[in-house]
1. Could you run the Karplus curve 6.51 cos²θ - 1.76 cosθ + 1.60 with θ = phi - 60° over region 321-330 and give me ³J(HN,Hα) per residue in whole Hz, x for Gly and Pro?
2. GNM, the chain, Cα, under 10 Å: largest mean-square fluctuation among A160, A195, A42?
3. Measure nothing but the geometry: give the 0 to 90° angle between the long axis through the Cα atoms of 59-76 and the longest principal axis through the Cα atoms of the chain, rounded to 10°.
4. So how tilted is helix 148-162 from the main axis of the chain? Cα-based, degrees 0 to 90, rounded to 10.
5. For region 190-210 and region 289-343, compute the distance between their C-alpha centroids and round to whole Å.
6. Mind checking the angle between helix 29-41 and the chain's longest principal axis? C-alpha axes, 0 to 90 degrees, to the nearest 10.
7. Set the bar at 31 Å for Cα to Cα. Now go through K56/K164; K87/K118; K138/K164 and name every pair that lies beyond it.
8. Using Cα positions and a limit of under 23 Å, work out the lysines in reach of K217, with same-chain residues fewer than 8 apart set aside.
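Computed from the coordinates by the stated procedures, all read-outs in this text should not be read as laboratory data. Treat the numbers as computed from the prediction; the structure is a model and nothing was measured. For neighbour counting, all protein chains shown are included, and Cβ atoms are generated from backbone atoms with ideal geometry for every residue, glycine included.
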Amino acid sequence: MISPRLSILPVLALLAAPALAAPSRASGPAAEARAIDVELIACGTRHSMSSWTDPKRGIGCGRDVVVRWLNEIAARTGGRLKVVVDKYQTSGPRTGNVAVPMENVYAVLEGTDPLRRKAAYVVSGHLDSRASDVMDTKSDAPGADDDASGVIVSILSAEALAAKPGGFRGTLVFAAVAGEEQGLLGARRLKEWLAEQGYQVGGMITDDIVGATNGSKDRRPRVFSEGGPDGVDSPGRQMARRLDELAGPKRVRLVFRRDRFGRGGDHIPFVEAGLPAIRITEPLENYDHQHQDIRVEKGVQYGDLIQYMDFPFVAEVAALNQLLLAELAAAPAPPKSALLTGAVTPSAKITVEAEEDPGRKGFEILRRETTDARWHLLRTVERPGEIVLEGTSTDNEYFAVRSVGRDGRRSLAVPCVAPPPAAPPAPAKPPGR
Ligand SMILES: [Zn+2]
């Protein structure tokens, strides 16, 4: 599951350790993933407008499963994880434009550093499921993959990261949200809740349909990132690149698109707010097993059923999430700004602005050909301020800057952009009047 190249990193050894699980538990992340899936499926349906109060059937039963797992993890990891059930009212075309009650579950691992505590790194899956008719609250909708798999990734990540001695500088939030199928309603609420708590989102991952490989030879999960206003760069794109650097291109497949063609997910409210957010999805989807009533037609089994799940793959996706979340939550903040000047001169100039941070060793100046997908290191500097790239044109490459911690952890890259235009001079008074 973890490549030999990476298994030498102490952090991964730690993240992969199932040692904190009580001996009676399913052992190892893949077995745990299966155990959680079985419990979520047993709720029959997790439609967002099914029952929130019936302990046996409906989305409230699903919420109880998540809360119980997270509370057990919190107890086993010394109580540092705080479990929150966020109840809210929401509406949209897929609630009949009527306000309905929904609930999200969050486990919060508060950051240890007052400088970085208000930066939140968020992993989310959606608790709700659906049958063929998106308004059908009654039929079975096991959602074994869509999206019990993403909820499982949040839970496994909470378990691995809450166990890290000393914690992280930034805050980690492990979420299971409702209302995705009704129009990303729970993710919108998650974004609002984070703001209400005073957090700035340093990075958000939605894991949605990360449970099956459907016979794909390429077992790498797809990591979707949006191009941003210029079609080239966005904070989410920097997140995707960082994951690719950490895990290597043999473990992730970057897709430079907001989402699958013509489709969407819970990262979108964050992307639209200009925040760093990505979507992770399995390599090859089987549409017979998504958003389908359970039935057999012409010998074909339809339905999002557990027999199509690949639990070692779910565990691998969880490990990838943990790799990125741990890096970003331990790293210094990204630079506040990185401005590029020096057009029509022989040397590009980059001006970096950043908060004081004793945990920061310096900055990396990154470059890439305009046709390249990945950054390359150009040079390192210790201090913010102006950096002159002698004999380097502003025109032929893209540049970015990121912070590097004393422990080698790296922030998201901040692309170098032109300074904002100066305010135009006040119009001169027309002469002779
Ligand atoms: Zn989904």
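1. With the stated coefficients, region 321-330 comes to 4, 5, 4, 6, 5, 5, 5, 5, 6, 8 Hz.
2. A195
3. Orientation of helix 59-76: about 70 degrees from the principal axis.
4. 60 degrees
5. The distance from the Cα centre of region 190-210 to that of region 289-343 comes to 15 Å.
6. That works out to roughly 60 degrees.
7. Exceeds cut-off: K56/K164; K138/K164.
8. K250
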